[in-house]
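Reading through the structure tokens given below for one structure.
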Amino acid sequence: MTETSPQNGELTRHLTFKDVFFLSFGGMSPLLSILTYAAFVITLVGYDAPIVMVIGMLLVLVNGLVVTQLSKRFSSSGGYYTYAFQALSARIGFDTGWMYIFYSILYALAYLTGAIFIIVTVLGISEYYAFLLIIIPSITFLIVGIKLSSRYALYAVAIEISLMLAIVVISFVVTKGAAYIPNPAVYHISGGDFALGILFAMGIPTGYGSIAPVSGEVSNPKKVVGRSVISVILIGGTLATLMIYAFANLILQNNIIIPTSDKLPVIGIILHNFGKYGIYLYYAVAIATINDAILAILSFGSAASRTFFRMGYDKSFPSIFAKKVKDNPIVASFAVSAIMVALPLLIMHYITVETAFILLGTISALGGLFIHVSANFSLIRIGLRRGRRLISRTQKGIYSYIKDFKEVILALVAAIISSIVLVYSAYSTVSWYTLLFLVWIVVGFILSEVKAITLKTSDDMMDISKEGKILAENLMNIKVMDARIPGLDVIVGINDPLRAALEKLLSKNIPYAIVLDGNMKPVGTLYVIDILLLPKDAIDRGKVNQMHLEKVVNISVNDEVTDAVRILKENNVNILSIVDGSGKCTGTITEREILLKLASTDKPAVE
């Protein structure tokens, strides 16, 4: 195993594919998800549950492919928050991170309450004893660190998969090999139940949602994260479909009657309808649910703490959340742990754990759809920019356009699907569940606005001291040609190879360059990120004239630095082309150079 030393503000990269896969697969709590999420799907759609599960898995796969593409570009911690923060805006990033914390914590707590219900039903102990039985080891592992958690997940998941396959085999032994074909034309369901069934089916193979936020600790994340996401969805979804079919088939073949009041019927079916094996499986499943709840809290608790950590590092949250102790985001981990202890106790005080599971499962699933819509739009924006850069001046066919904009098409399909399921599910579920979800969005929006207004006000109300006034007066006498640093000029020709332009930008650590035509006149601005979004062969073969250039803004050689500051701000650009009387470029000036000039200006004496 290779460990990579952390960059500033990041954590050590020490997680392998095996670590990430089993931690996230454990996050979907494979057996507990059948006893809870899948059980509710069966009560909603009956014998069509296997079809609904397959549809849910495929919809999740579309979103998983979007996350896979994003993970190739962003490998730092924070996941969905980082995607939106980098690809869309800081404000949308905050809203996405705010919703991810909501989703990840409530998703884990849904499994916690579901496990408590199973344990209390089987073992007959107090809800609060069952709570302590799960939460104490979970919080201990969460605070100790993610590496130990991933090792625990490896062995626990292997045992659970074996138990699940045994249940499937025994179910067919009980039915003497009889089977059926799910058919919505035969087994009718309402549109509302169908949509809500898909929502809960999508909640089963979503353990992959815990992968992206821990990307900052994954070795070779651009390959490992994507492989882990797809593997968890396909293997987890296939196993869940097999289990759901086995139970639906058993219910049909043995004419099992499920009371309408029983929202989580699977545990009872295991006890009463698995013959002589039932009592053994009954207790085995109860013990396994303890393990599953621990895995869910470890997986999504780690993901939530890494989102807290990254938002603290980016100053979206207070910077205290970015504090590390022995390369562990200790403050973020303690914050998540405190929430996971206090919130379920509060909920259990007012409603039953069975109702709590349905409540938490529903609103966390809505939150999951929200963050995936955000991820979809992140990829749409990146894909649009990448597609425009790939369009050359040569004639291209429809296939080439589809190939160039394939990420946009993927993300757009995912966004449409997720949005439809989100809206329809929010409309179909209990109204106050939807209200809680919407209230959380509104609170996040208000916090984002307050944060933006506070920062803006503090900037606008900065006191200009006497020293500052004198310094400003001195700057008014400095010409842009005197402020520029010739060694930092990045100018490329319109016909230059892209590889040469990229190397020039990287060598000077400058993210943009002014592009000149054959007459030395500026025609556009080239950004390094636009080149990096291209495939390697396109960079090697392409030329600058094949790129979509951003606007170029000029400033005269006779203008002063204060004019440059004003022009940069008015045009929302980072670099200006300095032109002479004939319109030819004589150099460039950037915000960085102005700041360096400001720092080098002698501090004025003040009486």
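The values are calculated or read from the model by the stated rules, or taken from the named source; none is laboratory data. Bear in mind that the values here come from a model prediction, so they are computed numbers and not experimental data. Backbone-built Cβ (ideal geometry, glycine too); neighbour counts: all protein chains shown. Note: areas computed on protein heavy atoms with side chains; ligands, DNA, RNA excluded. Shrake-Rupley method; radii C 1.70, N 1.55, O 1.52, S 1.80 Å.
Given the structure, is W432 over 17 Å from the mean Cα position of the chain (by Cα), crowded, with 18+ Cβ neighbours inside 10 Å, at pLDDT 80 or above and hydrophobic (A, V, I, L, M, F, W, C)? It would help to see each step written out before you state the result.
Values: over 17 Å from the mean Cα position of the chain (by Cα): yes; crowded, with 18+ Cβ neighbours inside 10 Å: no; at pLDDT 80 or above: yes; hydrophobic (A, V, I, L, M, F, W, C): yes.
Taking the combined requirement at face value, the residue does not satisfy it.
Quick check, is I290 surrounded by fewer than 24 Cβ atoms within 10 Å (Cβ to Cβ) and β-branched (V, I, T)? Give the derivation first.
Working: surrounded by fewer than 24 Cβ atoms within 10 Å (Cβ to Cβ): yes; β-branched (V, I, T): yes.
In short, yes.
Can you pull out every residue in region 486-528 that is touching a residue at least 40 places away in the same chain (Cβ under 8 Å), open to solvent by 60 Å² or more (accessible area, probe 1.4 Å) and under 26 Å from N558 (Cβ atoms)?
P486, N519, M520, K521
A483 passes all but one of (1) at pLDDT 85 or above; (2) of a type outside the set (V, I, T); (3) in contact with a Lys or Arg (Cβ under 6 Å, 6 or more places away or on another chain); which number fails?
Condition not satisfied by A483: (1).
Considering F334, F317, which residue is outside any helix (DSSP H, G or I) and either open to solvent by less than 10 Å² (accessible area, probe 1.4 Å) or of a type in the set (A, V, I, L, M, F, W, C) (or both)? Talk me through it step by step, then tell me what you get.
Working: F334 fails: outside any helix (DSSP H, G or I).
Just one listed residue meets the conditions, F317.
Within the set of pairs 6+ apart or on separate chains, which have a first residue in region 426-442 that is free of Cβ contacts under 8 Å to residues at least 24 places away in the same chain and under 18 Å from G368 (Cβ atoms), a second that is surrounded by fewer than 18 Cβ atoms within 10 Å (Cβ to Cβ) and among the hydrophobic types (A, V, I, L, M, F, W, C), and C-beta atoms under 9 Å apart?
none
State whether the residues of region 552-560 include one that is farther than 20 Å from D482 by Cα and either aliphatic (A, V, I, L, M) or open to solvent by 20 Å² or more (accessible area, probe 1.4 Å) (or both).
Scanning region 552-560, I find at least one residue that is farther than 20 Å from D482 by Cα and either aliphatic (A, V, I, L, M) or open to solvent by 20 Å² or more (accessible area, probe 1.4 Å) (or both), so the answer is yes.
Out of curiosity, is L252 open to solvent by less than 30 Å² (accessible area, probe 1.4 Å), within 20 Å of Y47 (Cβ to Cβ) and part of a helix (DSSP H, G or I)?
Working: open to solvent by less than 30 Å² (accessible area, probe 1.4 Å): no; within 20 Å of Y47 (Cβ to Cβ): yes; part of a helix (DSSP H, G or I): yes.
No; evaluated as a whole, the condition is false for this residue.
Could you grab me the full set of residues in region 69-92 that are assigned to a helix (DSSP H, G or I) and either touching an Asp or Glu at 6+ places or on another chain (Cβ under 8 Å) or surrounded by fewer than 24 Cβ atoms within 10 Å (Cβ to Cβ) (or both)? Before you say what the answer is, go through the steps one by one.
Just the residues of region 69-92 that are assigned to a helix (DSSP H, G or I), to begin with: 69-71, 80-87, 90-92.
The answer is Q69, A84, F85, Q86, A87, A90, R91, I92.
With respect to M99, determine if the residue is open to solvent by 10 Å² or more (accessible area, probe 1.4 Å) and in a helix (DSSP H, G or I).
no
Starting from region 40-54, keep only residues that are in a helix (DSSP H, G or I), then list their pairs with residues that are surrounded by fewer than 24 Cβ atoms within 10 Å (Cβ to Cβ) and acidic (D, E) whose Cβ atoms are within a distance under 7 Å, requiring at least 6 positions of separation or different chains.
These pairs meet every condition: L44/D193; V45/D193.
What strands (runs of 3 or more DSSP E) completely inside region 469-576 contain at least 3 residues that are under 30 Å from F405 (Cα atoms)?
Numbers: elements: 491-493, 512-516, 522-527, 554-556.
So the answer is 491-493, 512-516, 522-527.
Are there any pairs with C-beta distances below 8 angstrom linking a residue in region 209-223 that is open to solvent by less than 10 Å² (accessible area, probe 1.4 Å) to a residue that is among the aliphatic types (A, V, I, L, M) and assigned to a loop (DSSP other than H, G, I, E, B), with the two at least 6 apart or on different chains, and if so which?
Between residues of region 209-223 that are open to solvent by less than 10 Å² (accessible area, probe 1.4 Å) and residues that are among the aliphatic types (A, V, I, L, M) and assigned to a loop (DSSP other than H, G, I, E, B), the close pairs are G216/L11; E217/L11.
Return a yes/no flag: does region 38-49 have any residue that is touching a Ser or Thr at 6+ places or on another chain (Cβ under 7 Å) and either over 30 Å from L534 (Cβ atoms) or at pLDDT below 90 (or both).
Let us first name the residues in region 38-49 that are touching a Ser or Thr at 6+ places or on another chain (Cβ under 7 Å), namely none.
Taking every residue of region 38-49 in turn, none turns out to be touching a Ser or Thr at 6+ places or on another chain (Cβ under 7 Å) and either over 30 Å from L534 (Cβ atoms) or at pLDDT below 90 (or both).
Do we find a residue being part of a helix (DSSP H, G or I), in contact with a strand residue (DSSP E or B) (Cβ under 8 Å, 6 or more places away or on another chain), open to solvent by 10 Å² or more (accessible area, probe 1.4 Å) and in the same structural domain as L59 (by the TED database) anywhere in region 146-162?
Taking region 146-162 and keeping what is part of a helix (DSSP H, G or I), we get 146-162.
Restricting the remaining residues to those that are in contact with a strand residue (DSSP E or B) (Cβ under 8 Å, 6 or more places away or on another chain) gives 146-147, 150.
Add one more test, that the residue is open to solvent by 10 Å² or more (accessible area, probe 1.4 Å), and what stays is 147.
If we keep only those that are in the same structural domain as L59 (by the TED database) too, we end up with 147.
For region 146-162, residues part of a helix (DSSP H, G or I), in contact with a strand residue (DSSP E or B) (Cβ under 8 Å, 6 or more places away or on another chain), open to solvent by 10 Å² or more (accessible area, probe 1.4 Å) and in the same structural domain as L59 (by the TED database): present.
Would you say V266 is assigned by the TED database to the domain that holds G27, open to solvent by less than 40 Å² (accessible area, probe 1.4 Å) and farther than 30 Å from K451 by Cβ?
Yes.
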